[in-house]
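Notes to accompany the following structure.
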């Protein structure tokens with residue numbers, strides 16, 4: 001007797017693409033990986049010219065992990081990619097040479113030493129602050145034996161979360177024709193973010209972020225904005241967030257979706273638990289609704305010129 005297996009429904013397939021990863025199950029690994037991404041991110045910071053709001057320091061989601069993208073160096077370039085499938089850090093130079101650092105259980109101090117050794121072998125010099133930002137305490141990389149966990153399966157699942165968030169946020173980004181950031185990974189806070197701007201200046205940011213100069217925040221928030229992203233902390237499985245700077249009157253009370261999204265007074269932003277998206281009948285639609293309605297909260301109450309800032313990314317398809 002033969003058994004017929006019907007193909008998975010499109011809905012089931014969409015939901016399967018969004019993996020479950022409890023924050024509590026990989027906190028030690030997450031915190032170690034956070035420090036590793038800071039080291040690699042600072043390589044880009046050391047050599048890339050300043051872009052508005054520090055866009056030149058971020059990492060980007062790739063089909064295998066996270067990358068610096070091409071970093072200018074002398075008369076050539078290099079890049080560094082976290083490969084979360086093969087579990088290695090690959091550093092490549094435009095002169096054709098490359099080096100690898102295995103991603104496995106090891107301390108931040110060991111990872112830092114191995115990464116610096118790989119750079120030396122490639123004749124790449126990197127002068128940067130050798131301690132992490134936006135965390136407390138800020139342990140110098142060369143002395144950090146406290147963070148030393150690497151659960152390869154958990155890291156792979158985290159990358160799959162980023163892959164889905166990056167895809168949906170990228171589609172959301174396409175509807176905005178005003179100034180808008182890439183969808184990029186900020187290693188300071190360990191979050192994937194995308195930011196839209198109204199075109200107007202903003203009041204100086206008060207700063208106050210641990211081990212990060214107030215001037216860094218002043219540059220980051222120098223223009224009126226609406227930002228959204230994903231952070232692997234908060235809630236059971238991480239959370240999507242959205243905020244406005246400066247926050248206009250009425251923003252926090254604006255109705256947003258989907259069900260499960262709420263304004264956190266403690267955090268000063270809207271939050272949507274990752275698991276709410278993952279378990280939704282249409283995860284893409286649920287996250288898109290959150291991104292759209294929270295942006296509308298900023299744009300409507302902040303009196304943005306929406307007619308000149310938004311457009312349909314499919315506007316040329318009928319031509």
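The values are calculated or read from the model by the stated rules, or taken from the named source; none is laboratory data. What you see is a predicted model; the values in this text were computed from it and never measured. A quick note on method: Cβ atoms are made from the backbone with ideal geometry, for glycine too, and the neighbour counts reach across all protein chains shown.
Of the candidates 132, 137, the single residue that is surrounded by fewer than 18 Cβ atoms within 10 Å (Cβ to Cβ) and either at positive phi or outside the structural domain of residue 216 (by TED's automatic domain parsing) (or both) is 137. Does region 143-157 contain at least one residue that is buried (at least 18 other Cβ atoms within 10 Å of the Cβ), in contact with a strand residue (DSSP E or B) (Cβ under 9 Å, 6 or more places away or on another chain) and either outside the structural domain of residue 86 (by TED's automatic domain parsing) or touching a residue at least 24 places away in the same chain (Cβ under 8 Å) (or both)? Taking every residue of region 143-157 in turn, at least one turns out to be buried (at least 18 other Cβ atoms within 10 Å of the Cβ), in contact with a strand residue (DSSP E or B) (Cβ under 9 Å, 6 or more places away or on another chain) and either outside the structural domain of residue 86 (by TED's automatic domain parsing) or touching a residue at least 24 places away in the same chain (Cβ under 8 Å) (or both). Set side by side, the residues 118, 165 differ, and just one is under 17 Å from residue 67 (Cα atoms) and assigned by TED's automatic domain parsing to the domain that holds residue 86, which is 118. Taken over region 247-279, the residue count meeting the criterion of being in contact (Cβ under 8 Å) with a residue 40 or more places away in the chain, under 22 Å from the mean Cα position of the chain (by Cα) and farther than 18 Å from residue 193 by Cβ is 3.
The residues in region 52-81 that are in contact with a helix residue (DSSP H, G or I) (Cβ under 7 Å, 6 or more places away or on another chain) and under 17 Å from residue 99 (Cβ atoms) can be counted, and the count is 5. For residue 291, state whether it is free of Cβ contacts under 8 Å to residues at least 40 places away in the same chain and touching a strand residue (DSSP E or B) at 6+ places or on another chain (Cβ under 6 Å). No, not satisfied.
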